[in-house]
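Here is the structure we will look at, set down as C-alpha cells.
The values are calculated or read from the model by the stated rules, or taken from the named source; none is laboratory data. Being a predicted model, the structure only gives us computed values, none of them experimental. Quick reminder, even Gly has a Cβ in these numbers, built from the backbone with ideal geometry, and neighbours come from all protein chains shown. These accessible areas exclude ligands, DNA and RNA; they are computed on the full protein's heavy atoms, side chains included. Shrake-Rupley method; radii C 1.70, N 1.55, O 1.52, S 1.80 Å.
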Amino acid sequence: MRSARAGQTTGSSLLSHQSQSDEESQHSSISIDDDFEWPNMELDADTFGLSVVSLVRDFYFLSRGKGTFVNRWSRLLMSIFLLATCLTIQIYLLSQVKRFVSAKAVHDVRLDYDKFEQVMYGGHTEVISDHPFVERRGLGGINGGYFNASNFAQLSSDEQANACRIPLSQPLFFWTVLFIWTLTCTAELRKARDLVWSLLLNTEATHSMRHALKDEDDIPGGPAVIVALTMPVKTAIATMVIVPRLGITFYLIWIGCRWLLATNNFADLILNSVALEFILCLKDIMYLALVPRRSMLDLQNTTVVPLKKREPESLKVFIGTLLWAGVAAGWVTLYMGLRISEDYHINGLQKVLVDYRWDVHEVCLQWITDRYAL
C-alpha cells in the first residue's frame, strides 16, 4: 500500500512538474512572440522599385567586375528611361486633367451656384468675383433674412438639378468620397515614407557599391538584401524615385479633390475617383507590360532593411497606423469646410465655390426624395 501511494505521489509530482514546465514554456513563447522581429521588406513591383533595384544591383556588379559592361549599363539606362517615361506621362496627364477636365467642371459648377444664389435671395447678392465671369453670393446667408426657400420653384428643372447635385449639397456623402480618394493617395505617401526610412536613413553609407548587397540566407546567388549605399546612389534614389513620387501624389490629392468638388453628378463622383486612380496605377501598368522577366526576377530577389529590426507589442504600435486615417480625415475636413449648425459654418481651403453659403442642402431635400425614389 505504501509503495502504491508512493508511486501515485511520485506520478502526481511528475505530472505537476510537467504541467508547470509546459506553462513556463508557453509563457516564454508568448513573451518572445510579443517582441516581434521584422523581416526584410520587399520592394514594390513597379517602375519605382525596378529603378531602385537596377541602380543598386547593376552598380554592385559593375564595381565587382561581374557581368558584361555593356549589358549592365544597358539595363540600367533602360530602367531609368522607363522611369522617366512613366513620370513624364503622369505629369502630362495631370496638366491636361487640370486644363481640360477640372477647369471645365469648376467653370460649370460656379455658374450653377451663381444662378441658385441669384434666385433664392431675390437678387439681394454681393459680387465676390468678376473674372472670368461674375459670381454672386446671397447677403447674410441662409439665415440672413433675404433667403426664400419658396423661390426654388422659380428655377427650371435643369437649374434645380444642377444646384441639388452640387457635391457640397450632400456633405456627408461627399466627405466619404473625398476620404476614400485621400486614403488612396495616402497609401502612396506611406510607401514613399517607407523608402525614405529604409533606403536613405536605415541603410548604412559606404564608399563603394561593392558592399551594397548581402546574401539574405547566406546562400550565394539567392535573395539579396540592400545593406549599404554610396551617397551618390542615395541621392539618385531620392531625386529620381522618392521626390517625384511624393510630388505627383500631393498634386493628385489636390487636383482630385478639386475635380470631385466640381463634379455636378453623384454617380460621376465615384467614376471620376476611379478615373483619377489610373494615373497612380500607370507605374504598375508599365512595369507589367514592358519590363523583361529577368528584371522582374531580380526585383523579387532583392529586399531592403525594415523600418525597425525589432518592435515590442504596445498600444502605440497597434493604433499608430490609424494616424494615417486621422491625417486623411483632417485634410478632407480642412479642404471642404464644415457646417457646424444652421447659424455657423467654417469654409474650407477649397477654391471651387469660394464663400460657399451651405444653403443648398435643406432646399433640395424634397427634390432629392422625388428624383431618387425607387
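Remarks
- Filtered residue count, region 44-86, keeping only those that are open to solvent by 20 Å² or more (accessible area, probe 1.4 Å), closer than 14 Å to residue 237 by Cβ, within 23 Å of the chain's Cα centre (by Cα) and at pLDDT 95 or above: 0
- Checklist (1) open to solvent by 60 Å² or more (accessible area, probe 1.4 Å); (2) outside any helix (DSSP H, G or I) applied to residue 263, failing item: (1)
- Taken as a whole, region 186-198 holds no residue that is closer than 28 Å to residue 119 by Cβ, part of a helix (DSSP H, G or I), open to solvent by 60 Å² or more (accessible area, probe 1.4 Å) and without any contact (Cβ under 8 Å) to a residue 40 or more places away in the chain.
- Test result for residue 214, of a type in the set (Lys, Arg), modelled with pLDDT under 95, touching a strand residue (DSSP E or B) at 6+ places or on another chain (Cβ under 9 Å) and open to solvent by 10 Å² or more (accessible area, probe 1.4 Å): yes
- Residue, surrounded by the fewest Cβ atoms within 10 Å (Cβ to Cβ), within region 107-148, restricted to residues that are over 18 Å from residue 362 (Cβ atoms) and of a type in the set (Ser, Thr, Tyr): 129
- Any hit, region 136-146, residues being aromatic (Phe, Trp, Tyr), over 19 Å from residue 347 (Cα atoms) and in a loop (DSSP other than H, G, I, E, B): yes
- Against the list (1) open to solvent by 60 Å² or more (accessible area, probe 1.4 Å); (2) modelled with pLDDT under 95, the condition residue 40 fails is (1).
- Listed by position, the strands (runs of 3 or more DSSP E) contained in region 291-373 that have at least 2 residues being over 30 Å from residue 82 (Cα atoms) and open to solvent by 60 Å² or more (accessible area, probe 1.4 Å) are 310-312, 337-339, 345-347.
- In region 276-287, the residues that are of a type outside the set (Asp, Glu) and touching a helix residue (DSSP H, G or I) at 6+ places or on another chain (Cβ under 9 Å): 276, 278, 279, 280, 282, 283, 285, 286, 287
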